[in-house]
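The structure under discussion appears below in the form of structure tokens.
The values are calculated or read from the model by the stated rules, or taken from the named source; none is laboratory data. What you are looking at is a predicted structure, and each value in this text was computed from that prediction instead of being measured. A quick note on method: Cβ atoms are made from the backbone with ideal geometry, for glycine too, and the neighbour counts reach across all protein chains shown. Surface areas here come from the heavy atoms of the whole protein model, side chains and all, with no ligands, DNA or RNA. Shrake-Rupley method; radii C 1.70, N 1.55, O 1.52, S 1.80 Å.
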Amino acid sequence: MEFIVSENFVRIGVFVTVFATMAIFELWSPRLEREELRGAYRSRRWLTNISLVVISSVAMRVLLPVAAGGAAAYAQNRGWGLFNALHVDPVVAGLLSFVLLDFAIWLEHVASHKIPLLWQIHKMHHADTAIDVTTGLRFHPFEIVLSMLWKMLIVIVLGPPVVAVLVFEVVLNATSMFNHSNVRLPLRADMLIRRFLVTPDMHRVHHSTISDETDSNYGFNLPIWDKMFKTYVDQPRLGHEAIEIGLKEYRDERPSGLLWSLALPLRRK
């Protein structure tokens, strides 16, 4: 119980700090300036996207209260997992765990686009007709629970240090808000940062309505996986100023509604 309280404190603290920082950065230096990112439409989108993360958090606490960190502690106490069985140095095990967990999330993201049932759930994230810091929170509760089950399975198999899992979860949440944010980075800074971290310009390509661009740049943290598996696209075909965000079949205000978004996975094609 003490571990869960400490983990929640760290996660919430980092979440609030990163969210506030990126939201201010978006106001100060926006990459795109469109109707969906202003006024009443923006307010409705924000209310929906923030409500989704609240609902998902409640669902997680009810269905999987221990989450990945708890699974790591459980595995560690029982000597389960590859790193525990091989008595790998904790520092080495922590670094390897971060990289392998990141690959697992990249693989999950690819599967969410390739497997029809998973895409039916994941497409709610892509239905957003704009992209900003709140889009990094816009995941269906079904997807959040399935993703956590996947991470818990990987954690049990690897047996990583508990602190490594906590760090990975916090970083993943922070980078999701960063690379979905509507911020303008200097070109040189973007090209430098994307060598080791997915940038907003890089991930924005993934939210294009053009299918082969949607089928690219799956990473949240490390860009190496997209480059290694040839799914990396440097820039959108239409350029960032003209890029269309979302899904072609939902080019209206429906995705900004909370009930519509929650019901989307249950709708027939």
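Residues that are under 16 Å from the mean Cα position of the chain (by Cα) number at least 2 in the following helices (runs of 4 or more DSSP H) confined to the stretch 1-115: 2-28, 39-63, 90-114. Per this entry, L262 is not counted among residues that are part of a loop (DSSP other than H, G, I, E, B) and out of contact with any Asp or Glu (no Cβ under 9 Å at 6 or more places or on another chain). Test F9 against the criterion of being modelled with pLDDT of 90 or more, among the aromatic types (F, W, Y) and either out of contact with any helix residue (DSSP H, G or I) (no Cβ under 7 Å at 6 or more places or on another chain) or open to solvent by less than 40 Å² (accessible area, probe 1.4 Å) (or both), and give yes or no. So F9 fails the test. Here A75, A59 are screened, and the one residue that is in contact (Cβ under 8 Å) with a residue 24 or more places away in the chain and more than 24 Å from V163 (Cβ to Cβ) is A59. For the stretch 191-226, the set of residues classified as open to solvent by 20 Å² or more (accessible area, probe 1.4 Å) and within 13 Å of the chain's Cα centre (by Cα) consists of F220, L222, listed by residue number.
In this structure, does A127 turn out to be under 26 Å from F19 (Cβ atoms), under 14 Å from the mean Cα position of the chain (by Cα) and of a type outside the set (S, T, N, Q)? It is false that A127 is under 26 Å from F19 (Cβ atoms), under 14 Å from the mean Cα position of the chain (by Cα) and of a type outside the set (S, T, N, Q).
Every residue, every condition in (1) among the hydroxyl-bearing types (S, T, Y); (2) in contact with a Leu (Cβ under 8 Å, 6 or more places away or on another chain), yes or no:
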{"site": "Y218", "(1), (2)": "yes, no"}
{"site": "D226", "(1), (2)": "no, no"}
{"site": "E244", "(1), (2)": "no, yes"}
{"site": "R251", "(1), (2)": "no, no"}
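Figure legend. Inter-residue proximity from the stretch 251-264: first residues closer than 13 Å to P141 by Cα, second residues surrounded by 13 or more Cβ atoms within 10 Å (Cβ to Cβ) and of a type in the set (D, E), beta-carbon distance below 9 Å, spacing 6+ or different chains. Indicated pairs: S261/D128. For residues that are more than 20 Å from L100 (Cα to Cα) and touching a residue at least 40 places away in the same chain (Cβ under 8 Å), tally how many sit in the stretch 214-239. Residues that pass the stated criteria total 2. Of the set (1) without any contact (Cβ under 8 Å) to a residue 24 or more places away in the chain; (2) in contact with a Leu (Cβ under 6 Å, 6 or more places away or on another chain); (3) not small (G, A, S), all apply to L192 but (2).
Quick check on my filter: what residues within the stretch 78-89 are open to solvent by less than 90 Å² (accessible area, probe 1.4 Å), at negative phi and either in contact with a Phe, Trp or Tyr (Cβ under 7 Å, 6 or more places away or on another chain) or of a type outside the set (V, I, T) (or both)? Across the stretch 78-89, the qualifying residues are L82, F83, N84, A85, D89.
P186 fulfils the conditions (1) at pLDDT 95 or above; (2) surrounded by fewer than 20 Cβ atoms within 10 Å (Cβ to Cβ); (3) over 17 Å from the mean Cα position of the chain (by Cα) except for a single criterion, (1). As for the stretch 57-77, it holds no residue that is open to solvent by 50 Å² or more (accessible area, probe 1.4 Å) and modelled with pLDDT of 95 or more.
Per the conditions (1) within 26 Å of E26 (Cα to Cα); (2) free of Cβ contacts under 8 Å to residues at least 12 places away in the same chain; (3) not hydrophobic (A, V, I, L, M, F, W, C), the sole criterion not satisfied by D89 is (1).
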